[in-house]
């Protein structure tokens, strides 16, 4: 058995224990082996992913040749059958011939063998390893390094909790020291260790532990343990200060809770996750919790349920901020301000939000942040300014902040193949509720119990996939649904973190729905992916060519939702799936994006007279309904330098921003528009028109800066506009 060690020191030895230097001397081959070792449950990685990670700057044919050469070299060094293929595009390792400590660690954790898993942890994943010219691999390495470290620390603290509950304090302390070491002496872990020592009555050991930690921290000039850690050790050393002398928070009036999204089905099978979430938020040292997982796994539903259950415990406010329609990290503070109900005003939205929350105790839910990770600085500052605020984030990847606690959300519990009574499983309960919603009458009985369990296993307990499968009960028997899903079982079995990064566990459900569409409906659904938020029938027709019959067909197939009032929307995960289909035809994608941009910028331009007249309020209401689409349309026009769209909509867009008091967003929008237009070469004979559009954009940016109190800077842009 070949042994490959990547936790701590890098090690690769053949079956006789001899070091395989021919591989270790070549960093890219070592990196390739690590990628294959961490392929996840499926055991395979797509060749195109490996090429992008390891040879990102090479043309595709050269990258494929380099990959083939690396695979050939590994097979020569480790044995022909060590690297295995699945079809033409997938590569993996034969686990019967090579054993990797990191893969064994993950398997042990999945199977509940935490002691064994922790014993394998000799250090971080490939510490000090660097692959020049491969930033994608470096990001993959850092993400997996952080993920494995956090998994180890979490498992280690679980063992501490078990030992303490069993009354084995000495064992709990020993395990807590191990957990703290695994965390890299993270301050939160040190705090947990200090509390455990104090509960065990060993205050002297707690003081020694703190003093050793403080010396390490102070080795960096000007750095001190946090005030929370100092307060904790002061409490351990002596009696708690009299509450009468403690400082009190400034008084605050209760703040209204932002409306939470309506949920069509009850939450089932998430009792454990809710318990862990509530436990984390009850701890003053875990104020930022990120729910991670693939699209459709139920992150938003879980966060909403948490907010509903904790409203009484957060009398000063529970706020839900939907971010799927926000197109830039710069706009996140404005979205939060809107959810808080802050009156639009001049100045920085981030500062206003921080000031408002600084003395409030509440829960803030930021939903769908994965495309806005540059906003993490704002989140970190918010936590610093608002010490009693709790934040729950849903995202497909962690924020990688020091204060963040990550809770992975996985599929619902599924029944075993041999289970005679699967009714108690969360996945079966959800399928039952979803089928009842579609058919009106549905119940689990002896005749269908095993068929429902089989469907839930095929879709891996993913809630959205379960709901989509349940909708087919209107047209198919349960056995037919199972047979159709079984045709795509290979897709469903792939690990979430491998292959094309999004929706790995949902592709079978989506691909099946896609396969039932004719070419016309496929084109319509792919085109609808460019909309942000909801859209009306006229917009769908102009942008994608969809007719009423097309929209009705997609609604019937549960791929599009019809909302009260006649508008339509796509679930976010379906929108992204359809967007991936659209992106495969770059020409079609460009065409739809431009049509979307021209439609909505024209929509805005046509409202300009109403925005300046007595119908202003109605016009602003219409703009508010379409704001996500208008932002996306302006972004497309900016990115592609669509001069006509920028010129026609600029005045109306500024009027909207001015009326709403969104001057910070206005400055960002017009700055990016100026930059975008400057990157596009001018067309022949169009210099005058281009100069005119540039002048409008510069003037509007200058006006926005003036509204923000940056008058001197604003005058500079107004002067530049006059010179056009």
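Quick one: is residue 546 over 15 Å from residue 599 (Cβ atoms), out of contact with any strand residue (DSSP E or B) (no Cβ under 6 Å at 6 or more places or on another chain) and either crowded, with 20+ Cβ neighbours inside 10 Å or modelled with pLDDT of 95 or more (or both)?
no
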Is it the case that the stretch 112-120 has a residue that's outside any helix (DSSP H, G or I), more than 27 Å from the chain's Cα centre (by Cα) and in the same structural domain as residue 27 (by TED's automatic domain parsing)? yes
In this structure, does residue 154 turn out to be in a helix (DSSP H, G or I), assigned by TED's automatic domain parsing to the domain that holds residue 204 and at pLDDT below 85? yes
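Is it the case, given these coordinates, that residue 450 is in a helix (DSSP H, G or I), more than 30 Å from residue 279 (Cβ to Cβ) and either at pLDDT 85 or above or assigned by TED's automatic domain parsing to the domain that holds residue 282 (or both)? Spell out the reasoning first.
On the way: in a helix (DSSP H, G or I): yes; more than 30 Å from residue 279 (Cβ to Cβ): yes; either at pLDDT 85 or above or assigned by TED's automatic domain parsing to the domain that holds residue 282 (or both): yes.
Yes: the conditions hold for residue 450.
Which members of the stretch 514-524 meet the condition of being surrounded by fewer than 20 Cβ atoms within 10 Å (Cβ to Cβ), assigned to a helix (DSSP H, G or I) and touching a residue at least 12 places away in the same chain (Cβ under 8 Å)?
The first filter runs over the stretch 514-524 and keeps only residues surrounded by fewer than 20 Cβ atoms within 10 Å (Cβ to Cβ), leaving 514-522.
Still in the list and also assigned to a helix (DSSP H, G or I): 514-515, 519-522.
Listed by number, the residues that qualify are 514, 520, 521, 522.
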Among (1) without any contact (Cβ under 8 Å) to a residue 12 or more places away in the chain; (2) in a strand (DSSP E or B) - the single one residue 443 does not satisfy: (2)
The one condition residue 366 fails out of (1) in contact with a strand residue (DSSP E or B) (Cβ under 9 Å, 6 or more places away or on another chain); (2) in a helix (DSSP H, G or I); (3) closer than 19 Å to residue 326 by Cβ is (2)
Filter result for residue 142 (over 27 Å from residue 232 (Cα atoms), out of contact with any strand residue (DSSP E or B) (no Cβ under 7 Å at 6 or more places or on another chain) and part of a helix (DSSP H, G or I)): yes
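So which helices (runs of 4 or more DSSP H) stay within the stretch 610-724 end to end and still have 2 or more residues that are outside the structural domain of residue 349 (by TED's automatic domain parsing) and more than 27 Å from residue 539 (Cβ to Cβ)?
Numbers: elements: 616-625, 627-640, 643-660, 663-679, 687-707, 711-723.
Qualifying helices (runs of 4 or more DSSP H): 663-679, 687-707, 711-723.
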Quickly run through the stretch 191-230 and pick out the residues that are surrounded by 11 or more Cβ atoms within 10 Å (Cβ to Cβ) and part of a loop (DSSP other than H, G, I, E, B). 200, 202, 224, 225, 226
If you go through the stretch 509-517 one residue at a time, do you hit one that is modelled with pLDDT under 90 and more than 21 Å from residue 466 (Cα to Cα)? no
Taking the condition of being under 20 Å from residue 301 (Cα atoms) and part of a loop (DSSP other than H, G, I, E, B), how many residues in the stretch 320-342 meet it? 4
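Quick grid of which residues meet (1) modelled with pLDDT under 85; (2) buried (at least 21 other Cβ atoms within 10 Å of the Cβ); (3) within 27 Å of residue 662 (Cα to Cα):
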{"site": "345", "(1), (2), (3)": "yes, no, yes"}
{"site": "363", "(1), (2), (3)": "no, yes, yes"}
{"site": "368", "(1), (2), (3)": "no, no, yes"}
{"site": "400", "(1), (2), (3)": "yes, no, no"}
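The values are calculated or read from the model by the stated rules, or taken from the named source; none is laboratory data. Worth saying up front: this structure is predicted, and the values here are computed from it rather than measured. Cβ atoms come from the backbone with ideal geometry, glycine included; neighbour counts cover every protein chain shown.
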